[in-house]
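The values are calculated or read from the model by the stated rules, or taken from the named source; none is laboratory data. All values reported here derive from a predicted model rather than from experimental measurement. We place every Cβ from the backbone using ideal geometry, glycine too, and count neighbours over all the protein chains shown. Surface areas here come from the heavy atoms of the whole protein model, side chains and all, with no ligands, DNA or RNA. Shrake-Rupley method; radii C 1.70, N 1.55, O 1.52, S 1.80 Å.
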Amino acid sequence: ITHRPAAARMLTNVGTALREVAMIVTRLEEAALRTCACAADLPQKTKSLQDFDLVLQSLADLATLIEAMGEPGANQATSDCGKWIAQMRLAWLRDLVGDAPEPVDHDRTQIAIF
(Lines give C-alpha, C1' and ligand atoms only; values in the text may rest on other atoms or scores of the structure.)
Protein backbone atom coordinates (compact mmCIF):
# COMPACT_ATOMS: atom_id res chain seq x y z
CA ILE A 1 0.00 0.00 0.00
CA THR A 2 1.38 3.39 -0.95
CA HIS A 3 0.68 6.34 1.27
CA ARG A 4 0.07 9.76 -0.18
CA PRO A 5 2.00 12.62 1.36
CA ALA A 6 0.10 14.74 3.87
CA ALA A 7 0.21 17.77 1.56
CA ALA A 8 -1.42 15.81 -1.29
CA ARG A 9 -4.16 14.54 1.03
CA MET A 10 -4.71 18.08 2.29
CA LEU A 11 -5.08 19.41 -1.27
CA THR A 12 -7.63 16.72 -2.05
CA ASN A 13 -9.48 17.57 1.16
CA VAL A 14 -9.50 21.28 0.25
CA GLY A 15 -10.98 20.39 -3.15
CA THR A 16 -13.67 18.35 -1.42
CA ALA A 17 -14.37 21.22 0.99
CA LEU A 18 -14.76 23.66 -1.92
CA ARG A 19 -17.27 21.33 -3.54
CA GLU A 20 -19.18 21.09 -0.23
CA VAL A 21 -19.28 24.90 -0.05
CA ALA A 22 -20.61 24.94 -3.61
CA MET A 23 -23.50 22.69 -2.55
CA ILE A 24 -24.32 25.12 0.27
CA VAL A 25 -24.23 28.03 -2.18
CA THR A 26 -26.62 26.14 -4.46
CA ARG A 27 -29.09 25.79 -1.58
CA LEU A 28 -28.71 29.48 -0.77
CA GLU A 29 -29.31 30.34 -4.42
CA GLU A 30 -32.54 28.36 -4.45
CA ALA A 31 -33.73 30.05 -1.25
CA ALA A 32 -32.80 33.53 -2.45
CA LEU A 33 -34.53 33.11 -5.79
CA ARG A 34 -37.75 31.97 -4.11
CA THR A 35 -37.91 35.34 -2.31
CA CYS A 36 -37.87 37.26 -5.63
CA ALA A 37 -41.50 36.76 -6.65
CA CYS A 38 -42.72 39.82 -8.51
CA ALA A 39 -41.80 41.35 -11.88
CA ALA A 40 -40.21 44.36 -10.18
CA ASP A 41 -37.64 41.97 -8.70
CA LEU A 42 -36.52 40.72 -12.15
CA PRO A 43 -33.34 42.89 -12.44
CA GLN A 44 -32.27 41.88 -8.94
CA LYS A 45 -33.12 38.25 -9.64
CA THR A 46 -31.01 38.34 -12.83
CA LYS A 47 -28.07 39.88 -10.94
CA SER A 48 -28.44 37.30 -8.18
CA LEU A 49 -28.42 34.47 -10.73
CA GLN A 50 -25.24 35.86 -12.27
CA ASP A 51 -23.58 36.28 -8.86
CA PHE A 52 -24.48 32.77 -7.77
CA ASP A 53 -23.29 31.37 -11.10
CA LEU A 54 -19.98 33.23 -10.75
CA VAL A 55 -19.45 31.88 -7.23
CA LEU A 56 -20.33 28.32 -8.25
CA GLN A 57 -18.04 28.39 -11.30
CA SER A 58 -15.25 29.86 -9.20
CA LEU A 59 -15.60 27.18 -6.54
CA ALA A 60 -15.65 24.45 -9.18
CA ASP A 61 -12.53 25.82 -10.90
CA LEU A 62 -10.66 26.17 -7.61
CA ALA A 63 -11.69 22.67 -6.51
CA THR A 64 -10.52 21.18 -9.80
CA LEU A 65 -7.20 23.04 -9.57
CA ILE A 66 -6.57 21.99 -5.98
CA GLU A 67 -7.51 18.38 -6.68
CA ALA A 68 -5.17 18.26 -9.69
CA MET A 69 -2.34 19.54 -7.52
CA GLY A 70 -3.05 16.76 -5.01
CA GLU A 71 -3.15 13.92 -7.55
CA PRO A 72 -0.57 11.17 -7.05
CA GLY A 73 2.49 11.97 -9.16
CA ALA A 74 1.43 15.61 -9.60
CA ASN A 75 4.36 17.93 -10.01
CA GLN A 76 3.86 21.43 -8.66
CA ALA A 77 6.52 22.71 -11.05
CA THR A 78 5.74 25.98 -12.79
CA SER A 79 4.89 24.29 -16.10
CA ASP A 80 2.34 21.94 -14.49
CA CYS A 81 0.77 24.77 -12.49
CA GLY A 82 0.46 26.83 -15.66
CA LYS A 83 -1.24 23.92 -17.42
CA TRP A 84 -3.74 23.47 -14.59
CA ILE A 85 -4.46 27.19 -14.36
CA ALA A 86 -4.97 27.46 -18.14
CA GLN A 87 -7.82 24.94 -17.86
CA MET A 88 -9.81 27.20 -15.54
CA ARG A 89 -12.99 28.59 -17.17
CA LEU A 90 -13.00 32.09 -15.69
CA ALA A 91 -10.37 34.47 -17.04
CA TRP A 92 -10.37 36.74 -13.99
CA LEU A 93 -9.81 33.74 -11.73
CA ARG A 94 -7.04 32.38 -13.98
CA ASP A 95 -5.35 35.78 -13.82
CA LEU A 96 -5.73 36.00 -10.06
CA VAL A 97 -4.51 32.47 -9.34
CA GLY A 98 -1.82 32.66 -12.01
CA ASP A 99 -0.48 35.91 -10.54
CA ALA A 100 -1.06 37.89 -13.75
CA PRO A 101 0.65 41.30 -13.73
CA GLU A 102 -2.52 43.17 -14.77
CA PRO A 103 -4.98 44.16 -12.03
CA VAL A 104 -8.19 42.15 -11.90
CA ASP A 105 -11.44 44.09 -12.35
CA HIS A 106 -14.04 42.07 -10.47
CA ASP A 107 -16.85 44.52 -11.25
CA ARG A 108 -16.68 43.85 -15.00
CA THR A 109 -16.11 40.11 -14.84
CA GLN A 110 -17.67 38.28 -17.76
CA ILE A 111 -19.90 35.46 -16.64
CA ALA A 112 -20.53 32.34 -18.67
CA ILE A 113 -23.97 30.95 -17.95
CA PHE A 114 -24.32 27.32 -18.91
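Worth pointing out:
- Remark: region 50-62, residue by residue, has Karplus-estimated 3J(HN,Hα) of 5, 5, 4, 4, 4, 5, 5, 5, 5, 4, 5, 4, 5 Hz, where x stands for each Gly or Pro and the curve is 6.51 cos²θ - 1.76 cosθ + 1.60 at θ = phi - 60°.
- Tensor-based shape of region 10-99 (alpha-carbon gyration tensor, a/c under 1.5 rounded, otherwise prolate or oblate): oblate
- Counting only protein heavy atoms and a 1.4 Å probe, region 52-97 has 50 square angstrom of accessible area per residue.
- Estimated FRET transfer efficiency when R0 is 25 angstrom, pair residue 25-residue 75 (beta carbons, to 0.05): 0.20
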